[in-house]
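Visitor: Provided herewith is a single structure, encoded as structure tokens, for subsequent inquiry.
The values are calculated or read from the model by the stated rules, or taken from the named source; none is laboratory data. The shown structure was predicted, so the numbers you read here are calculated from the model rather than taken from an experiment. Neighbour counts run over all protein chains shown; Cβ positions are idealised from the backbone, glycine included.
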Amino acid sequence: LNVLFYLYWALRISIKAPKKLRKSSLTFLCGTLLLLSGFFIWSAKYLLMAPIGIFFTGIGMLISIFAWVKEPKILYILPFKVYRLIVLHGKSGVPLFNYNWVEHNVDEAIYSGLLHALNNAMQILKRGSIKYILLTEGVLILKKSKNVLVGLITDKTSKFLTNCINNFTDSFEKKYNSVLSDWNHQTDQFTSTKELIERHFANVPSHL
């Protein structure tokens, strides 16, 4: 049963893989098929077939590991789907940076307005911070720091994504600390934020 589940899992990854990860996911699936074929041959209890089974199992395992090491993102295709990240200036509510992993039809201004309203509510209530907002087709994960409010829109929450947004926010504050403390409302100063995305969200698959 576990063997069939493993095959189903690899097949689902291949089906759900975005265009950029299609080749790696197919390689992973081929490796899985070879590995499982070898396992079944090895388990057949025919002495002469055992070496063939071991060979197929070994080759399949090597191909699967190669595909995973070359493109770790394939293992993050099924757990979640990340749509967009927005960074807002804490005091003014002005969007500082926006990044998409999926083609999105919703205007950035709508999410920015929502984040700004939530930020104001947290400041007025002073009862701690809001961590998650449930949307119709997803979740808005929030991280508030000294100078910014970061929102990550995804289809579901996970500890991995929470750690990603926390680490990203900390790095953003450190990188732009001098700019944020005396901000002149120029958003072009934050264009290099993509480097932080590539560092902290390195394994999040893009569906663009």
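Visitor: Name the residue, out of Asn177, Asn163, that is out of contact with any strand residue (DSSP E or B) (no Cβ under 8 Å at 6 or more places or on another chain) and either closer than 25 Å to Leu75 by Cβ or not polar (S, T, N, Q) (or both).
Guide: Asn163
Visitor: Every residue in segment 82-97 that is among the basic types (Lys, Arg) and crowded, with 19+ Cβ neighbours inside 10 Å, please.
Guide: The answer is Arg84, and nothing else.
Visitor: Examine segment 177-198 for a residue that is closer than 24 Å to Ile13 by Cα, surrounded by 18 or more Cβ atoms within 10 Å (Cβ to Cβ), out of contact with any Leu (no Cβ under 7 Å at 6 or more places or on another chain) and not β-branched (Val, Ile, Thr), and state whether such a residue exists.
Guide: No: segment 177-198 contains no residue that is closer than 24 Å to Ile13 by Cα, surrounded by 18 or more Cβ atoms within 10 Å (Cβ to Cβ), out of contact with any Leu (no Cβ under 7 Å at 6 or more places or on another chain) and not β-branched (Val, Ile, Thr).
Visitor: Also, I was wondering about something else. Listed residues Ser158, Ser129, Ser171, Ser112; which is more than 21 Å from Ile77 (Cα to Cα) and at pLDDT 90 or above?
Guide: Within the list Ser158, Ser129, Ser171, Ser112, the selection yields Ser171.
Visitor: Right, another one. Check whether at least one residue in segment 145-155 is of a type outside the set (A, V, I, L, M, F, W, C), crowded, with 21+ Cβ neighbours inside 10 Å and in a helix (DSSP H, G or I), and report yes or no.
Guide: no
Visitor: Might you let me know whether segment 193-202 holds any residue that is among the hydroxyl-bearing types (Ser, Thr, Tyr), without any contact (Cβ under 8 Å) to a residue 40 or more places away in the chain and not in a loop (DSSP other than H, G, I, E, B)?
Guide: no
Visitor: Output the residue which, of all residues in segment 1-50 that are part of a loop (DSSP other than H, G, I, E, B) and either over 17 Å from Tyr76 (Cβ atoms) or among the small types (Gly, Ala, Ser) (or both), is modelled with the lowest pLDDT.
Guide: Restricting to residues being part of a loop (DSSP other than H, G, I, E, B) and either over 17 Å from Tyr76 (Cβ atoms) or among the small types (Gly, Ala, Ser) (or both), the top hit is Leu1.
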